[in-house]
Structures are given as C-alpha cells and as structure tokens.
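Just so it is clear, none of the values below were taken in a lab; they were calculated from the coordinates. On a predicted model such as this, the values are computed, not experimentally measured, just so you know. Quick reminder, even Gly has a Cβ in these numbers, built from the backbone with ideal geometry, and neighbours come from all protein chains shown.
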Amino acid sequence: MSGAVAIGVDVGSTTCKVVAVDAAGRIVAHRVEPTDPRIEPQVDRLLEAVRAEAGPDAPVGATGYGRKRVRAGRALTEITCHARGAFARVGCPGVLVDMGGQDTKVIRIGAAGEVLDFAMNDKCAAGTGRFLEVILGRLRVPLAEVAEQVARAARAVPVSSTCTVFAESEVISLVASGEPLEGIAKGLHQALASRVAALVRSAAGGGEVFMSGGVALNTAMVAALGEALRRPVRVLPEPQLVGALGAALSCAAVHLA
Amino acid sequence: MSPSLARRARYELAGRVAGPLLVSLEAWQRRLRRRGRPREGPFGPPLESVRKLKELMTLHYFQGRYADGAVPVAWVTSGFPVEILRPLGFHAVYPENHAAMCGVQRIVPGLSDAVEAQGYSRDLCSYARTDLGSVATGRTPAGRLPRPDLLACCTNICQTVLYWYRALADHFRVPLVLVDTPYVYGEAKPHHLAYVRDQLEELVCVAERVSGRRVEPQALVEATRKAKEGTDLWAECLATAKQRPAPWTGIDGFFHMAPIVALRGTEACNAYYRLLRDELRDRVRRGIGGVREEKHRLLWDNLPIWFAVREVSTLLAERGFNFVCTSYTNAWAEAGSRIDPANPIGSAARAYTHIILNQDLPNRLGILRRLAREYAVEGAVLHSDRSCKPYSIGQVDLKERLAAELGIRVLLLEADHGDPRAWAPEQGENRLTAFMESFG
C-alpha cells in the first residue's frame, strides 16, 4: 500500500482519468481510459483498481464534464482542478493552456495557485483535440506519427476554415489538389494554434505558459502554440492527469483540514 | 352608440372592471395553488409587491386587447420617449417587453421558426424575430396585441430596430416615426441634440395627426414630470441594493422593470414604484436579503437570459452570490437626471440620446465602474448576448479594464436574451460554477 490520502477522478469527453495522491501530493497510482458512455460503472471499476493499488479508504474528489455522475465527496469544475494540479506541478504563477478533447481552457493562475481569470472555446470543436482527431483521421495520419510528419513538412499549407466540419471539406479539397499531407497537417496545427493563442490573449496576463491535457502529448501542437504565442510553452509532467491531480489535491485539502 | 364609442366603452370596461376581476381571479387561483407549500431555496422571502406587479402588467396587456379602434395605439421601442405620446391618449405596446415575456415562457424558437421560414436570418436579434414571428402567427402569451396606428422607433438602442420597424410598417401599413440619435462620443454636441429635438417635434405633428388630437403643452409637461418621477423612483428602488444584504436580487429587478419600460409617464407606474421602494426600504431596515445568505455581490452587464434567468440566479444564490446591480435595469434610472419637465422636448432629446447603448466604450466603462463601486461588488458577469451586438461589442476590453482597475473578477458569459438555441446550459453552468469557485 502506498498510503493514498485522496483520489481524484476527471471524467473528460475523451478520456477518464483517476489518480491517487499521498500526503505529500505525489501521484501514487493512476489509470487512464477512453471515456465510456456508461460513466458510473467505468468510474467504479477504475476506482477499484486504484484503491487496490493505493489503499481502500481515500476520499474521492471529482471533476470534468462527467463529475456529476461520480459518487464523490467533492465535485469541482475542471478550471479549479486544472489550476490546482498545475500549480502543484510548477509552484509558480503563469498561464495554463489545457487542450482536451471537448474544449480548450486558458487559465491565469495567481501566486497562491488561485484562478485569476479563465477563457474557454465556446460551443464549437474548433480549437480542441477533437478538431485534430477528426481531420487527422481524414488524412489517415495516426496520432502517434503526427509530430514526425509535421516535422518533415517543407512548408505549411494554410487551412483557413476554423470550423471542424468545414475544415474537413477544405482538407479534402487540398488533398485532391495534390498538396502534401505533411504540409496540410502542419497547416492544421498552425490554424489550431492561432485560435488557441487568441484565447490565451483574451485571458491576458504575462508569466510562463504551461500546457496540459491530452493534446499536450502532441509535440507538434506544443511547438505550433509556442510559435503562435512567440513564447515558450512548457508541458507539464503527465499532462493528461493534471485535472484529476487537482481534484485529488482539493479533496485531500478538505479532508485533511 | 357609434362603433368607435362602443369600442371605447369596451376598452374602459376592460381596464376598470373586467381586467381587475380577471386579475383578482388569477391571484386567488395562485394563492390556492401555493397554499400549504413551504417555500424552499436560496432566496429570501418573496416581495409582497410582486402581486401588484402582476396585476399591473396583466391589466395593461388585458386592456390592450381592446385598444384598437378605441384609443390610438403606438408600438414603440424601449428607448423611445413615450411620455410625448401620453397626452394624446396612446395605448403604448412594447414589442421588446412582449418578446421578453415570450422569452420567459420559452416560446421564442417556435415564433422564430415562423419568420426564418419567411427568409429572416437566425442571426437577427431574437426580440425582432419574436415580434415579427408573433405578428406572422398571431401567437402571443398576452392573448392578443392591438393593431398599431403608429410605429415609433428610436435608434438609441440599436440599428436593428430601424429595419424591424420598417418591416412592421410594411405589414401594418401605418406611419412610422423614426428618431435617429447620433452615437455619443464623450458628450453629445449641441447640433446632435438639435437634430434629435427637431425629430421629436416632427413626432408630435405625426402623432397629433394619427390621434386626431392636439398636444396641450401643460399635459406634456405633466407627462414629462411623471416620467421623471417614475425614473427617479425606479432609481431609488435600485439604490436600496447598495445595502448589505441587498433586499432583492438583480433578477427581481429584471422583472420589476416592466412598468418603467412599458408604463413610463403614467401615475400607475409611479404608484407602483412608491410601493416597491417602500417595501425594499422596509426590508433593508429589517435586514431581509434577496438571497438568504449573501456572501458575494456581483454586477450583471447586458440583457438577462430571459429563458434561463431563474436557473442562473438559483445556481448563484445557492452559493450566496447575488447580482446586486445590473447595467440594464440601471439604464432606465440614468435617464431621470436629464429629464426636465420645464423643457419636455429639449430634455427628452438629451436624455434619450444618452442611453447607455448609444454611448461610446469609455462612457460605458464609466457607468460600470461607478456601479461596481457604489454597489461594492466583488465580481461581474458580462453577458455576451448573441442577439444584442451593440451591447456586447467591446466587452472583452471592458472585462480587462474592470478587472485591472477595480481588482474584481470578471466573467464573459455567452448566451442570448431570447433564443434558448444559442445557450448551452451545461457549458454555461460550468463557467458560472468555475467563476464562483475562483472566489475561494
């Protein structure tokens, strides 16, 4: 047993994350799985697995779009949890860009780890992980190879549409007109990065830029965002777990208090 | 009895006998429904005045059903100087107020579908779509709206009203009076005010012709005095929320503003606000809050989300948040200081040119800054209203400035004042919850 003091569950639109933390805030066990439409049994199963590894009695904090479906002592929004998780990782103020499947969040974090401001993309998949997933699927570029392909591109082919559906049609036209796939993939990353950069500017504030969420695992996206912002972007360790970590830490703080 | 006299008699009967009877019956039914049901939730005890408000507005709409042919009827925009029409005996109908009612009752999508089928874009203001949809289908929660004899439109709230009222004029084949107010940068210039004054004088001529009556100068002075008194009383009602706890919620204010919009310049309006003000002051004295446990005070900018107003305010009130002031309800209080009964037309030109929506961003920021300070708010929610572009433009800058200058938290919330199809409840709730969580 690793002595977990709290467990955090982050039920996102694409993946479901569960982490257990010890009294020092370290992750002692975790699970990540694609989100199942039947949220409750999936979360129960993942909790059971994490508890088997980290201890049976830790209280649960939940976040993410599916948080209301989790039997948890404490439910908080992803904004609060990502800020908390990111601050625990870096220990300094800054701007967190969390790119998930359903939305992209930009959170300005204060000197004490508090949320100073936030902005999110609204009612549209453009600017999210789903955008990349859909279009790269159309290009038949596996996510695991995308960074390598983008790096190979001699030039970026501009993709002007910011709507996922229209961008998909645009990409089909570009492919049909003989544009190289790597160049289109690079153009897609730039289009997405420019949208997210606008969101970062709307939440304002200086300081270092951190990145979390599943899309942060895509190094091409991290590079494109850095270029669009003209600032370095630092990817947090285990970026997918940041929200669940924040949920666990918030829960632990209340429980220990 | 001539047909017009008979109609007039029916109109008066509706206002003096049938309407009050209907209102009493409805109140009795409401009381019966609520009997024995304990009041729960995060709000303080309901305002007693609500009953009177319902009576007043029900009576207004009920009497309106019988207005055409009995008295001259004008359909007017919310920022129109309606007091000028009062001495001529006009029954004023406010399509925006009516559209808000449709919004609360969530019937906007159906009405909008009807006009979208005629070729109107869904990007149009939902108030315009609601009104034109109601005209096209005859559907209205008011039972029936009287046919207008005059359309009175003032561009101080937006340019959409111009095209909207032109469409109405084309449909009803009645005169349209347009009062064009130049946009105010800083302070309106004398030649701007002269331009508006000339149009108001022209309005008097057209309205006299339509009503077949002459405006008695003393009657105009009296209507202007009542309008000023009404806006001042409304300002006094709003100002009670400067106290802690605020005796009502900003959401209450959205509903209680109906008389100052639709009945401005009448004694019924003023009598109502005296009653409301006294009740609010009494609640302040007794420490009764609009929210049971007021922990955080917020400002709301822009129109309400009529179809979700209760959900949003409940979500916030459950955590002790209250919108103690709103720039929207305040707009009808601001005008009072510029209205001068000694100079009805000239002062109306000045007052109605300086409506918040007709002012530049620095002036709007000034109003928000003043409200935030006077009402001691810790945060603000700026409703980015898909339907109201003039109100929503510049909010990103306003957000940054308010946060930087006043050190308050500010949230930009995307929604619509009338059309639920432009509102994502889960995402909206998520943003509001995250905003509240950021207060610790």
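At-a-glance table
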quantity	calculated
Tilt relative to chain A, helix A:129-139 - C-alpha long axis, 0 to 90 degrees, to 10	40
Centroid-to-centroid separation of the stretch B:224-302 and the stretch B:331-362 [C-alpha atoms, Å]	20
Ordering of A:223-235, B:235-247 by packing [mean C-beta count within 10 Å, highest first]	B:235-247, A:223-235
Alpha carbon convex hull of the protein assembly as shown, volume per residue in cubic angstrom	181
Relative frequency of Cα-Cα separations exceeding 23 Å in the stretch A:98-257, percent	38
Cβ-Cβ FRET estimate between A:R230 and A:A111, R0 fixed at 30 Å, reported to 0.05	0.80
Angstrom value of the Kirkwood radius, inverse mean 1/r, which spans all Cα pairs in chain B	22.4
Bridge type composition, chain B - antiparallel percent by DSSP, nearest 5	5
Among beta bridges that DSSP assigns inside the protein assembly as shown, antiparallel share in %, nearest 5	40
Mean Cβ neighbour count within 10 Å, used as a protection proxy, ranking A:106-114, B:78-86 highest first	B:78-86, A:106-114
Relative contact order (%) - criterion: Cα under 8 Å, at least six apart; region: chain A	24
Projected label distance in nm at B:A6 and B:E400, using a 7 Å step from Cα toward the beta-carbon	6.7
Chain A: angle of helix A:39-54 to the longest principal axis, Cα-based, in degrees nearest 10	60
Length-normalised contact order of chain B in % [C-alpha pairs under 8 Å, at least 6 apart]	19
Degrees separating the helix A:181-203 axis from the principal Cα axis of chain A, which is the longest one	50
Alpha carbon centroid spacing (whole Å) that separates the stretch B:189-212 from the stretch A:153-214	54
The protein assembly as shown - mean residue ellipticity at 222 nm from DSSP helices (-39,500 (n - 2.57) per run, n ≥ 4, rounded to 500)	-15500 deg cm²/dmol
